Amino acid sequence: MSISFPIYSPEEQLLDPVLAAYNTEVWIKRDDMIHPLISGNKWRKLKYPLTELGETDHQHLVTFGGAWSNHILACAAAGAQFGFRTTAFLRGEPVDNPVLSLCRLFGMELRFVDRVRYRDKEALFLEHYSPEEAFFLNEGGYSTQGARGCAELISELQRTYDHIVVAAGTGTTTAGIQQGILKAGWSTQLHAIAVLKGAGFIRDEIAELGVDPEPINLHLDYHFSGYAKVQPELIKFIQGFVSRTGIMLEPTYTGKMVYAAYDLIENTSIFADSRVLLVHTGGLTGVLGHLHHFSTQSGHQGK
Ligand SMILES: *Cc1c(COP(=O)(O)O)cnc(C)c1O
């Protein structure tokens, strides 16, 4: 079984009139176009773990996440496409939402566990499965093999950049991109936009993956009060950006990342006279939990 598909992720210049007044050349790496559901950084993070699974006799992937997890959905879709069974342990009380319905559509088994038991994922895994029959993949695809797949983004680039901006949850994608930058011998500055509140721990998580976090610019103030939380200013920004560019964003990751990049362009000199790459990490189904923010009651902002 070959667990792979060709990567389509063009690098496009962002010609947003709002940025015309600033001397910053902005590009966007369209990882959202890699696959509709095995999207963005999730495919990059899965590539090597799934290759490893394909080389063993395992026919079963077991992983972990929250109820809106793009990682879980990517695993469900990959399992259906490449022919292995998938199970996800979900944190907290049983709930239902469109992302979980999509996971079931792709044949994934969903198992809800309370927050205490969820904490020790290896123990939870071993309680139900043996390592001989099932393959363990950490929450969000957090792994050195995941970072390895993300590093490949750099070798696809058609030009060099002074700065690269990416959203950070577990920090796996950030760690991988930093590895790619170092391997290419570039002096590019990497900016990670933390989407969780109080996410200083990301530095340790990046270090755990064997990457020195020190040169990475970790921006901790763009979480909009926490993971998957939004504020009217963020919603208004997303509405404006999507309607001007035709590039879709969701509020949990890419909306916060692009908001941060614009804020740094408009209100600091960090990106002045430079070429910047925004990494569109995909995950657009995340918008399904936020659609009500764009209802008529919220007011259409227009162009
Ligand atoms: C999961 C996800 C991230 C976070 O990636 P990490 O490697 O966990 O930091 C960023 N953007 C999107 C769209 C995601 O789905």
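The values are calculated or read from the model by the stated rules, or taken from the named source; none is laboratory data. None of the values given here were measured: they were computed from a predicted structure. Every residue, glycine among them, receives a Cβ derived from its backbone with ideal geometry; neighbour counts consider all protein chains shown. SASA here: full protein model, heavy atoms, side chains in, ligands and nucleic acids out. Shrake-Rupley method; radii C 1.70, N 1.55, O 1.52, S 1.80 Å.
At a Förster radius of 22 Å, what calculated FRET efficiency corresponds to the Cβ-Cβ distance of ARG244 and SER101, to the nearest 0.05?
Details: r = 32 Å, r/R0 = 1.44.
With R0 = 22 Å, the Cβ-Cβ based efficiency is 0.10.
Extension gain TYR8-TRP186, at 0.36 nm per residue separation less the Cα-Cα distance, in nm? Intermediate results must be reported in sequence, preceding the final value.
Working: separation 178, 0.36 × 178 = 64.08 nm, distance 2.35 nm.
61.7 nm is the gain from fully extending TYR8 to TRP186.
What distance in nm lies between label points placed 7 Å from Cα along the C-beta direction at ARG115 and LEU220?
2.1
Could you check which residue among ALA77, ALA184, ALA88 shows the biggest mean-square fluctuation in a GNM of the chain with a 10 Å Cα cutoff?
The residue with the greatest mean-square fluctuation here is ALA184.
For segment 234-245, in order, what is each residue's ³J(HN,Hα) by Karplus, 6.51 cos²θ - 1.76 cosθ + 1.60 with θ = phi - 60°, in whole Hz (x at glycine and Pro)?
Per-residue couplings from phi come out as 5, 4, 4, 4, 4, 4, x, 4, 5, 6, 8, 10 Hz.
Points 7 angstrom from Cα along the Cβ direction at THR144 and TYR129: gap in nanometres?
A separation of 2.2 nm, rounded to one decimal place.
Could you tell me the center-to-center distance, by alpha carbons, between segment 93-160 and segment 190-251 in angstrom?
A separation of 20 Å, based on Cα centres.
Ignoring ligands, DNA and RNA, what accessible area per residue does segment 222-300 give at 1.4 Å, in Å²? Don't jump to the answer; show the numbers that get you there.
Values: 3200 Å² over 79 residues.
On a per-residue basis, segment 222-300 sits at 40 Å².
Out of VAL113, VAL211, VAL287, any idea which swings most in a Gaussian network model of the chain, alpha carbons joined below 10 Å?
It is VAL113.
Let me know the charge dipole size of the chain about its Cα centre in debye, to the nearest 20, where only the beta-carbon of Lys, Arg (+1) and Asp, Glu (-1) is charged. The partial results should precede the final answer.
On the way: 25 positive and 33 negative charges, 118 e Å.
Once rounded to the nearest 20, the dipole reads 560 debye.
Can you give the FRET efficiency to the nearest 0.05 for HIS292 and GLU266, using r as the Cβ-Cβ distance and R₀ = 35 Å? The partial results should precede the final answer.
Values: r = 28 Å, r/R0 = 0.81.
Calculated value: 0.80.
Quickly work out the GLU122-to-TYR22 label distance, labels modelled 7 Å from Cα along the C-beta direction, and quote it in nm with one decimal.
4.3
Mean residue ellipticity at 222 nm from the helices of the chain, using -39,500 (n - 2.57) per DSSP H segment of n ≥ 4 over the full residue count, to the nearest 500 deg cm²/dmol?
Numbers: 10 runs with 109 residues, N = 303.
Value at 222 nm, helices only, nearest 500: -11000 deg cm²/dmol.
Which of rounded, prolate or oblate describes segment 97-152 when judged by the alpha-carbon gyration tensor and an a/c cut-off of 1.5? It would help to have the intermediate numbers written out before the result.
Details: a/c = 1.62, a/b = 1.11, b/c = 1.45.
Taking the square roots of the gyration eigenvalues as a ≥ b ≥ c, segment 97-152 is oblate.
Hey, any idea what % of segment 53-139's accessible area is carbon plus sulfur with a 1.4 Å probe? It would help to have the intermediate numbers written out before the result.
Working: 2040 of 4110 Å².
Reported share for carbon and sulfur atoms: 50 percent.
Across the chain, how many lysine pairs, 8 or more apart or on two chains, come within less than 22 Å at their alpha-carbon atoms?
22
Return the FRET efficiency for the residue pair GLU156, GLU52: r is the Cβ-Cβ distance, R0 is 25 Å, and the value is rounded to the nearest 0.05. Mind dumping the intermediate values first?
Working: r = 22 Å, r/R0 = 0.89.
With R0 = 25 Å, the Cβ-Cβ based efficiency is 0.65.
Please calculate the 1.4 Å probe accessible area of HIS128, with all protein chains present, and give it to the nearest 10 Å².
70
Would you please give the residues with an amide H less than 5 Å from that of LEU277, counting only those at least 5 places away or on a separate chain, with H modeled from the backbone geometry?
Here TRP27, HIS163, ILE164, VAL165 satisfy the definition.
Give the carbon-plus-sulfur fraction of the accessible surface of segment 208-277 in %, rounded to a whole number; probe 1.4 Å, heavy atoms of protein chains only. Can you show the working numbers first?
Working: 1400 of 2950 Å².
Carbon plus sulfur share of accessible area: 47 percent.
How many Å² of accessible area per residue for segment 73-178, probe 1.4 Å?
42
Pick from THR174, THR24, THR86 the residue whose mean-square fluctuation is largest in a GNM of the chain, springs joining Cα atoms under 10 Å.
THR24
Given the Cα-Cα distance of HIS60 and GLU208 and 0.36 nm per residue of separation, how much length would full extension add, in nm? The partial results should precede the final answer.
Details: separation 148, 0.36 × 148 = 53.28 nm, distance 2.64 nm.
Gain on extension, HIS60 to GLU208, equals 50.6 nm.
Can you give me the angle between helix 172-184 and the longest principal axis of the chain, using Cα atoms only, in degrees from 0 to 90, rounded to the nearest 10?
70
For the full complex of protein chains and a 1.4 angstrom probe, list GLU52, GLU127 by accessible area with the highest value first.
Values: GLU52 80, GLU127 115 Å².
The most accessible residue leads, giving GLU127, GLU52.
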